[in-house]
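Peer 1: Here's a structure for you.
Every read-out reported here was derived from the displayed coordinates using simple, explicitly stated rules and does not represent laboratory data. Worth saying up front: this structure is predicted, and the values here are computed from it rather than measured.
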Amino acid sequence: MLDKKHSYTTFGQLLVFVGLLNVIARVNIVLDVIITFLFIAKGGSLIRNKRWFKDKTWNYFLTVFGISYPLVKLVVFYFYFPEIIFNNTGNTISGLQIVFSSSIFLIPMSILSVVAAFRLNQLQKLGEE
């Protein structure tokens, strides 16, 4: 997983995993598709050692977004999905049941984003020296 030639390879792999976990969790809106595409595309470009325009800004944005987005998504699942499911099917389901079923993928997504943020911070410090 660690590559001595291209130091951003590990960070790129973490971003790809975060994108894949978002796909598994539930890609049910256009925003999820866009977010997943950004994570996988940015991670893939880092693995291949390709740079994007304003590369550092993208790296920071995706790590912060990867930490906060899954938690916001769980809050939305908790408050709004039980009502939507009840209105569409008539089955009563608690918000906690939906959160637990989704947190299997969303919590690791957030944890991997934290690890990616630490990895990015290490890479930035190495670049300054």
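Peer 1: May I have the count of lysine pairs in the chain with C-alpha atoms under 30 Å apart, counting pairs 8 or more residues apart or located on different chains?
Peer 2: For the chain, qualifying lysine pairs total 20.
Peer 1: Let me ask something else about it. If you fit an axis through the alpha-carbon atoms of helix 55-89 and take the longest principal axis of the Cα set of the chain, what angle between them do you get, 0 to 90°, nearest 10?
Peer 2: 10
Peer 1: Given a cut-off of under 8 Å on Cα pairs at least six residues apart, what relative contact order in percent is computed for the chain?
Peer 2: RCO, the chain: 33 percent.
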